[in-house]
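Input: a single structure, listed below in C-alpha cells.
The values are calculated or read from the model by the stated rules, or taken from the named source; none is laboratory data. Treat the numbers as computed from the prediction; the structure is a model and nothing was measured. Backbone-built Cβ (ideal geometry, glycine too); neighbour counts: all protein chains shown.
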Amino acid sequence: MKHFDFDLFVIGGGSGGVRAARMSAQRGARVAVAEVAAMGGTCVNVGCIPKKLYSYAAHYAESFEESHGFGWIGEAPRLDWNLLKANRAREISRLNGIYIGLLENTGVQIIRGWACLRDAHTVEVEGRQYTAKSILIATGGTPTVPAVAGREHVVTSDSMFDLDPFPKRLMVVGGGYIACEFASIFRGLGAEVTHVHRNEKLLTGFDEDVRRFIATEMAKTGIDQQFMREVQAITRTAGGLQVDLKHKHGDAHSVTVDTVLYATGRVPNVNGLGLEAVGVSVSASGAIHVNAHYQSSVPSIYALGDVTARLQLTPVALGEAMVVVDHLFGPAAGKKRRQMSYDFVPTAVFTHPNIGTVGFTELEAHKTFEHITVYCADFKALKHTLSGSTERTLMKLIVDDASDRVVGLHMVGPDAGEIVQGFAVAMKAGATKEIFDSTIGIHPPHGGRGICDHARAGQGRRRSADGEDVHLKHRPAPTAGQRQHAVAHSLSFV
Ligand SMILES: Cc1cc2nc3c(=O)[nH]c(=O)nc-3n(C[C@H](O)[C@H](O)[C@H](O)COP(=O)(O)OP(=O)(O)OC[C@H]3O[C@@H](n4cnc5c(N)ncnc54)[C@H](O)[C@@H]3O)c2cc1C
C-alpha cells in the first residue's frame with residue numbers, strides 16, 4: 001500500500017478547515033493544516049467575531065440616548081476608536097492562539113504558507129511537498145470589487161476593522177447582509193453613512209416584509225439611503241473621495257466621503273490553488289463542485305465551506321466538516337454518521353435592529369406548499385415606551401396549512417438573531433402552529449407579549465402592551481391565479 005505523509009491534508013485554517021482537522025485527528029488520523037494568514041479564517045479575523053464586537057460597540061450609542069427616558073442624565077461618552085481597535089485586536093489574537101492550541105493539542109501539524117495542489121495526493125507549501133491520502137480544500141472566499149473607475153480608492157470588509165482614522169463620512173456600496181451590517185455599525189459608531197445600492201430593496205433572498213421593514217428602520221437611524229443608484233466613478237479630491245452616482249432613471253449627483261466600502265459580493269478563494277491542472281471541477285464563479293460527501297470531481301480531494309459557495313455561514317462550514325470527518329474516518333464512538341441538512345438553517349443579520357430568520361420566505365412558501373397562512377405583527381417594543389425611540393419590531397410566521405407546521409419565521413428587532421435560534425430548533429423538530437399556540441410565553445417579553453401570543457392572535461387586531469394596535473394579518477394562500485401576484489401581495493403588509 002502506498003505510504004502518505006498524512007491521512008488528511010487540510011488547506012485553510014478557517015472555520016471548516018480547523019474543525020475538520022482537529023476532529024479527524026481526534027479519530028486517530030495523521031493530519032496537517034496549511035494556513036497562509038492568521039489562524040481561524042474569515043470568521044475570527046475579519047468576519048463574524050470582530051463584526052459582532054463592533055456591533056456591540058455601536059449599540060452603546062443608542063443605549064446612551066435611550067437611557068434618558070429611564071432617568072439617566074448627563075453627557076454621553078465619546079468613542080475612542082483606537083481603544084476599540086486595540087481591544088478587538090487583543091481579543092482576536094487570543095482567539096488565534098486558542099485555534100492553534102486546539103490543533104496542536106490534538107496532534108495536528110500546522111504548516112505556515114500558501115498551499116497549492118501538485119497532484120491528486122500532493123500539496124506544495126513554500127516549496128516543500130507533502131503527500132496525503134485525502135486533501136480537503138477549505139480556503140473560504142474573498143471580497144470582490146467590480147471594475148469601476150477609481151476602484152483603487154475603495155476598501156473591502158477586510159479593511160474595515162482597522163481603518164485609520166475613523167471614517168467620519170462613510171459610503172457603503174452593496175445591498176447584501178455585509179453591506180447592511182457595516183452601514184448600521186458605522187452609523188452607530190458615529191459616522192455619517194451613505195448607503196448606495198443599485199436595486200430598490202436591500203437583502204435579496206430575504207422575506208419581502210423583512211426587506212421593506214429593515215430599510216425603514218435603518219433609515220430612521222440616520223443612514224442616507226441612495227437606492228437605485230450606480231457608482232460611476234470615484235475620484236480623490238482635496239475634500240475627500242468624490243463619488244459620482246447615477247440614478248437608474250437618469251439624474252446624477254456626487255457625494256464626498258472619507259471612505260468607500262464596497263461590499264458587493266464574495267467569490268470562492270481558488271486562485272493559484274492549481275485546481276485545473278489536477279482536474280477539480282469548478283463552477284463559472286470558481287465554486288468547487290462537490291457531492292453529498294463533499295468529494296470533488298477528483299475522488300481524493302474534498303472541499304467545504306465558502307469555497308463551495310453554498311450557504312456561506314460559519315455554522316454551515318462546521319457542520320459540513322463533521323460530515324467529511326465521519327465519511328473519511330467514521331463517526332465518533334457510539335454516534336451515528338452525520339448528515340448535513342440545509343433546511344431551517346437560521347440566519348442573523350446584525351443590522352440595527354437585528355434580523356433573525358429561519359425557514360421559508362413567504363414567496364418561497366407560496367411556491368412550495370399548496371396553502372399557507374401568514375401571520376404578521378409590527379409593534380413598538382415595551383422598552384421603547386420610555387426610551388423615546390421610534391424603532392418598531394416585526395414578527396412574521398408562515399404556516400403550511402396542510403400539516404400546520406410553522407415553516408418560516410422572520411423577525412426584525414433587538415436580539416432577533418439570538419431569539420430565532422431557539423425557534424429554529426422547534427421548527428426543525430416539526431413544531432406546528434398548534435404547538436406554538438399552546439406554548440406558555442414568558443412575561444413581560446420584548447413586545448409586551450411574545451411571538452407565540454402574536455401568532456396565536458390570528459386574524460384581526462389586538463392591542464400591545466404600549467396600548468398601540470398590533471396589526472396581525474391572517475393571509476390565506478393565494479389561489480393559482482393569485483400566486484403570480486405574490487410580490488405585490490406581500491408588500492400589502494399592514
Ligand atoms: C464581514 C463578514 C461577516 C460575516 N459574518 C458572519 C456571521 O455573522 N455569521 C456567520 O455564520 N458567518 C459570517 N460570515 C461568513 C463566515 O465568515 C464564513 O462563512 C466562514 O468563515 C467560512 O469558513 P471557511 O472555513 O469556508 O473559510 P474561511 O473561514 O474563510 O477560512 C479560509 C482560510 O483559508 C486560508 N487560505 C486560503 N487560501 C489558502 C491557501 N492557498 N493556502 C493556505 N491557506 C489558505 C485563508 O487565509 C483562511 O484563513 C461573515 C463573513 C464576512 C466576510
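Out of all the residues in region 329-349, which are buried (at least 21 other Cβ atoms within 10 Å of the Cβ) and hydrophobic (A, V, I, L, M, F, W, C)?
Residues satisfying the conditions are A348, V349.
Can you tell me which residues in region 245-279 are within 13 Å of the ligand (Cβ to nearest atom) and hydrophobic (A, V, I, L, M, F, W, C)?
Of the residues in region 245-279, the ones within 13 Å of the ligand (Cβ to nearest atom) are 261-275.
L261, A263, V267, V270, L273, L275, listed by residue number.
Output the helices (runs of 4 or more DSSP H) that fall wholly within region 1-101 and possess 1 or more residues being among the acidic types (D, E) and more than 30 Å from I301 (Cβ to Cβ), or say none. Step through it out loud before you land on a result.
On the way: elements: 15-26, 41-46, 48-67.
Where helices (runs of 4 or more DSSP H) fall fully within region 1-101 and carry at least 1 residues being among the acidic types (D, E) and more than 30 Å from I301 (Cβ to Cβ), they are 48-67.
Name the one entry in L318, L304, L311 that is within 12 Å of the ligand (Cβ to nearest atom) and closer than 30 Å to K433 by Cβ.
Exactly one of L318, L304, L311 is within 12 Å of the ligand (Cβ to nearest atom) and closer than 30 Å to K433 by Cβ, namely L311.
Would you mind stating whether A38 is within 11 Å of the ligand (Cβ to nearest atom), crowded, with 23+ Cβ neighbours inside 10 Å and hydrophobic (A, V, I, L, M, F, W, C)? Break it down stepwise before answering.
Details: within 11 Å of the ligand (Cβ to nearest atom): yes; crowded, with 23+ Cβ neighbours inside 10 Å: no; hydrophobic (A, V, I, L, M, F, W, C): yes.
For A38, the condition - within 11 Å of the ligand (Cβ to nearest atom), crowded, with 23+ Cβ neighbours inside 10 Å and hydrophobic (A, V, I, L, M, F, W, C) - is not met.
Just to be sure, is V260 surrounded by 13 or more Cβ atoms within 10 Å (Cβ to Cβ), within 24 Å of the chain's Cα centre (by Cα) and farther than 23 Å from K133 by Cα?
On the way: surrounded by 13 or more Cβ atoms within 10 Å (Cβ to Cβ): yes; within 24 Å of the chain's Cα centre (by Cα): yes; farther than 23 Å from K133 by Cα: yes.
For V260, the condition - surrounded by 13 or more Cβ atoms within 10 Å (Cβ to Cβ), within 24 Å of the chain's Cα centre (by Cα) and farther than 23 Å from K133 by Cα - is met.
List, please: which pairs have Cβ atoms under 6 Å, are six or more places apart or on different chains, and start with a residue in region 40-51 that is in the same structural domain as A21 (by TED's automatic domain parsing) and end with one that is of a type in the set (S, T, N, Q) and near the ligand (Cβ under 6 Å from one of its atoms)?
These pairs meet every condition: G41/S15; C43/S15; C43/T314; C48/T314.
Among the strands (runs of 3 or more DSSP E) lying completely within region 230-303, list those that include at least 2 residues that are under 23 Å from L203 (Cα atoms). Before you say what the answer is, go through the steps one by one.
Details: elements: 240-247, 252-257, 259-262, 266-268, 301-303.
Output list reads 240-247, 259-262, 266-268.
Only one of these conditions is not met by G359: (1) small (G, A, S); (2) more than 14 Å from the ligand (Cβ to nearest atom); (3) at pLDDT below 95. Which number is it?
(3)
What tally of residues in region 220-238 results from selecting those that are farther than 10 Å from N199 by Cα, buried (at least 16 other Cβ atoms within 10 Å of the Cβ) and out of contact with any Gly (no Cβ under 9 Å at 6 or more places or on another chain)? Write out each step before concluding.
We begin by selecting, within region 220-238, every residue farther than 10 Å from N199 by Cα; these are 220-225, 231-238.
Restricting the remaining residues to those that are buried (at least 16 other Cβ atoms within 10 Å of the Cβ) gives 221, 223, 225, 231, 234.
Remaining after also requiring out of contact with any Gly (no Cβ under 9 Å at 6 or more places or on another chain): 223, 225.
The total comes to 2.
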